[in-house]
Amino acid sequence: YTREAFGERVGFQVGWMTWLARVSSVASLSVGFSRALGFLWPAANSGLGQGLAIAVPLLTLTAINVVGVKGGARTAVFLAVTKTVPLLVFIAVGLFSVSVPLATSVAPREGGNLGAAVLLLLFAYAGFENTAAPAGEFKNPRRDVPFALIVQIGVVTLIYTAVQWVALGTLPGVADAQTPLANAAARFLGGWGGLLMT
């Protein structure tokens, strides 16, 4: 699309930026997965355990996609549901446990880096640009693509804000926690909450 709209040079740049973003995204998500898994299996935070926590899921997902598109699509739907439902449970139950003074008393870190914060924010919202990719299959893409983009950005913002509010309001020292959502859920849901978030 970019090549057709803006020419070869811009298309080339967007293609390479997209590839680099996807590779770095997979790398960072894999490390994030190993850290989250560390809540259940501390060995996943370093050495061979971390290597296994990164490599095994990547190889498994690769194998599923190599076998076929249907399996990959089913796996994507399954993973979307299994990551969204725990967040909604975290929000729905956690909102009743939030301490407003705790949530509003978190001080900014010394020596904070605005660039790093912006990069994290960009990473958190990345992916919405994929909505337009299957536009040729939509019945009314002129109407559906803008509507889908606005709704999904709104919903994601609402979920992210609510998750942040619950984590800030239920876990003292949230900024220093290795697994903040699992630790916060364990505080107000018990051990199974930490397991659910992991």
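The values are calculated or read from the model by the stated rules, or taken from the named source; none is laboratory data. If you're wondering where the values come from, they're calculated on a predicted model, not measured in any experiment. Neighbour counts run over all protein chains shown; Cβ positions are idealised from the backbone, glycine included. Note: accessible area is taken over every heavy atom of the protein model, side chains too, but ligands, DNA and RNA are not part of it. Shrake-Rupley method; radii C 1.70, N 1.55, O 1.52, S 1.80 Å.
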Margin query: Within region 118-198, considering only helices (runs of 4 or more DSSP H) that don't extend past its boundaries, which have at least 1 residues that are closer than 19 Å to V106 by Cα?
Written below: 141-170, 180-189
Note to self: Testing L102 on (1) over 30 Å from F188 (Cβ atoms); (2) over 22 Å from the mean Cα position of the chain (by Cα); (3) part of a helix (DSSP H, G or I), one condition comes back false. Which one is that?
What the structure shows: (1)
Item checked: Filtered residues of region 56-76 (kept if surrounded by fewer than 14 Cβ atoms within 10 Å (Cβ to Cβ) and of a type in the set (A, V, I, L, M, F, W, C)) -> V56, L59, A63, V66, V67, V69, A73, A76
Margin query: Quick check on my filter: what residues within region 29-55 are under 24 Å from G127 (Cα atoms) and open to solvent by 80 Å² or more (accessible area, probe 1.4 Å)?
Written below: L29, F33, R35
Note to self: Considering only region 103-125, I want to know if a residue exists there that is among the acidic types (D, E) and closer than 30 Å to A43 by Cβ.
What the structure shows: no
Check: Counting just the residues of region 125-171 that are in contact with a Ser or Thr (Cβ under 7 Å, 6 or more places away or on another chain) and modelled with pLDDT of 90 or more, which one comes out surrounded by the fewest Cβ atoms within 10 Å (Cβ to Cβ)?
Finding: G169
Note to self: When you check A148 against the structure, is it without any contact (Cβ under 8 Å) to a residue 40 or more places away in the chain and either within 23 Å of G112 (Cβ to Cβ) or aliphatic (A, V, I, L, M) (or both), yes or no?
What the structure shows: yes
Next item on the list: Looking at (1) in the same structural domain as L158 (by the TED database); (2) out of contact with any Lys or Arg (no Cβ under 9 Å at 6 or more places or on another chain), find the lone condition where S25 falls short.
Entry: (1)
